[in-house]
Each structure stands twice: as C-alpha cells, then as structure tokens.
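Structure record follows, encoded as structure tokens.
The values are calculated or read from the model by the stated rules, or taken from the named source; none is laboratory data. All figures in this text were calculated on a predicted structure; none of them were measured in a lab. Neighbour counts run over all protein chains shown; Cβ positions are idealised from the backbone, glycine included. Areas reflect the complete protein model, heavy atoms only, side chains present, ligands, DNA and RNA absent. Shrake-Rupley method; radii C 1.70, N 1.55, O 1.52, S 1.80 Å.
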Amino acid sequence: MRERSEKGRKLLDLAVKALSTGAALLGIFFLGWILLVVVQRGIAAISWDFFTELPTPPGMEGGGVKNAIIGTLLMTLLATLLGVPTGILAGVYLAEFGKYSRLGAWVRFTVNVLMGIPSIILGLFVYSILVFPFGRFSGLAGGVSLAILMFPVVARTTEDMLSMVPNALREAALAIGNPRWMATLGILFRAAKSGLITGVLLSVARVSGETAPLLFTALNSPYMMKSLNEPIANLTVTIYQYAMSPY
C-alpha cells in the first residue's frame with residue numbers, strides 16, 4: 001500500500017475539519033433562527049393568565065393552559081413512579097444477576113425491541129388493554145403508556161452504567177461481608193449515581209414531549225381534572241390541537 005504524503009494528509013485533515021465546522025455552524029444557525037422566531041411570535045402570548053386560566057372556547061381570545069400543565073405534570077409523575085423503579089430493577093438484573101443467563105438474554109432483547117417501537121404503537125397497545133375494555137379514556141392509561149416508554153431507557157442506562165463499574169469494587173464489597181443486594185445498592189449505585197440520574201432525566205425528557213400515545217389514552221379535556229379515571233388535558237395534545245385548529 002502506497003503511503004500518502006504528509007502534505008496530502010494535512011490537506012485532507014483540514015478539509016474534513018472545515019466541512020465538519022461548517023455543518024455544525026449551519027445547524028446552529030437554523031436552530032437559533034427557529035428559537036428566535038418562536039420567541040418573537042410567542043412572547044406576546046405569555047402572561048400570568050396563560051399559566052393560571054383554563055382555555056377559552058374555540059375562536060375566543062385569552063385563556064390559558066392551567067389544566068394542561070397540571071395534567072402533564074401528574075401523568076409524568078405517574079409514569080416516573082411506574083417506569084423508573086421497574087427500569088432500574090431490570091437494569092440491575094441484566095448487569096448483576098442475569099448477565100450471561102438465557103432469561104437475561106431474553107430480557108435484554110425485549111428491552112432493545114421496546115427501545116425501537118414507535119410511541120404510537122405503544123399508545124394503541126395501552127388503548128386496547130386499558131381504554132377500550134373500560135370504555136373511557138383516562139389519565140391513568142396515559143401514565144401507563146408513558147411509563148412503558150420510560151422503561152427501556154432507564155433499563156438500558158442502568159445496565160450500561162453498572163457494567164462500567166470496575167469488578168474490583170464488587171469483589172471488595174463482597175469480601176468485607178456485604179450481601180449482594182447491599183453491595184449493589186450501597187456501593188455500586190453510589191459509583192454509578194451520576195449515570196443513573198442521567199438515565200432517569202433522559203427518560204423523563206423523552207415522555208414529556210410525546211403526543212401520539214396520549215391521543216389514544218388520555219385524549220384531552222378543556223376542563224380541570226377531577227380524577228385520573230377521566231380524560232385529562234396535557235400540553236402536547238393541547239399544542240397539537242391548537243396547531244391544527246382553524247382558529
């Protein structure tokens with residue numbers, strides 16, 4: 001193989017750096033442009049009433065998204081309570097107990113499949129088991145659909161973070177007489193704390209912007225919620241409806 005000259009390698013390196021920098025600057029420019037337009041056109045609508053009032057009937061000015069904010073927070077909290085603990089338990093099993101077992105391989109395969117399933121498919125799944133049989137949309141169904149979306153993100157992040165902890169730390173924890181569960185919770189979790197928190201935050205960020213599963217589960221409502229067993233307003237579907245509305 002003929003070796004390229006040093007001058008040619010430097011020119012190629014400079015060209016690749018220039019293209020990469022140009023592509024990054026182009027992406028940053030359009031992102032800044034979009035943010036600037038959003039701020040310029042949306043700042044006029046931001047007021048105290050926007051956060052504290054219920055939405056007005058179609059075609060009327062004013063109103064707010066108080067019910068949508070509360071509904072989104074409640075469903076995200078419910079999804080976190082359901083999805084994060086189960087995801088962490090699955091990640092601990094994959095990293096510490098079932099790493100080379102057949103069941104662990106099936107669990108890992110299932111988690112990988114869930115990572116790639118479109119959110120609208122999960123919404124239809126929850127619709128078929130929690131909405132259609134009971135004959136009503138509900139915030140509970142919305143929270144469950146978001147929890148299913150959170151589960152694989154938390155599980156894979158937990159497995160990866162625990163796998164990065166050196167084995168010497170596990171051996172040292174077990175050598176001083178700690179049971180396996182205490183070594184995992186008290187030592188390995190502390191060593192991987194920042195990565196575990198990052199995984200939880202990523203999962204919350206993912207479900208906070210989901211619209212498709214909520215269209216089939218929580219639907220939406222112009223009223224203030226009274227319980228989780230009824231349609232609940234949420235920000236993503238509210239934004240979608242306003243964007244598609246002829247008003």
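Some points to look at:
- Number of the exception - residue 214 against (1) without any contact (Cβ under 8 Å) to a residue 40 or more places away in the chain; (2) of a type in the set (A, V, I, L, M, F, W, C); (3) open to solvent by less than 20 Å² (accessible area, probe 1.4 Å): (1)
- In the range 94-112, the residues that are among the β-branched types (Val, Ile, Thr) and open to solvent by 60 Å² or more (accessible area, probe 1.4 Å): 110
- Hey, residue 110 in contact with a helix residue (DSSP H, G or I) (Cβ under 8 Å, 6 or more places away or on another chain) and closer than 28 Å to residue 192 by Cβ or not: no
- Scan of the range 221-236 for residues that are part of a loop (DSSP other than H, G, I, E, B) and either under 15 Å from residue 122 (Cα atoms) or within 20 Å of the chain's Cα centre (by Cα) (or both), ordered by number: 232, 233, 234
- Selection of first residues in the range 235-246 that are farther than 13 Å from residue 218 by Cβ and of second residues that are at pLDDT 85 or above and aliphatic (A, V, I, L, M), restricted to Cβ pairs under 9 Å at least 6 apart or on distinct chains, gives the following pairs, ordered by first then second residue: 239/65; 239/68.
- The residue that is farthest from residue 245 (Cα to Cα), among those in the range 22-64 that are small (Gly, Ala, Ser) and at pLDDT 90 or above, is 22.
- Checked against (1) closer than 30 Å to residue 126 by Cα; (2) open to solvent by 30 Å² or more (accessible area, probe 1.4 Å), residue 185 passes all but condition (1).
Residues are listed down the side, and each one gets a yes or a no for (1) more than 22 Å from residue 228 (Cβ to Cβ); (2) open to solvent by less than 50 Å² (accessible area, probe 1.4 Å):
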| residue | (1), (2) |
| --- | --- |
| 92 | yes, yes |
| 139 | no, yes |
| 147 | no, yes |
| 152 | yes, yes |
| 157 | yes, yes |
| 163 | yes, no |
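- Residues that are in a loop (DSSP other than H, G, I, E, B) and either β-branched (Val, Ile, Thr) or free of Cβ contacts under 8 Å to residues at least 40 places away in the same chain (or both), drawn from the range 119-138: 132, 133, 134, 135
- Residues satisfying the stated conditions in the range 37-83, i.e. β-branched (Val, Ile, Thr) and surrounded by 14 or more Cβ atoms within 10 Å (Cβ to Cβ): 65, 69, 70, 72, 76, 80
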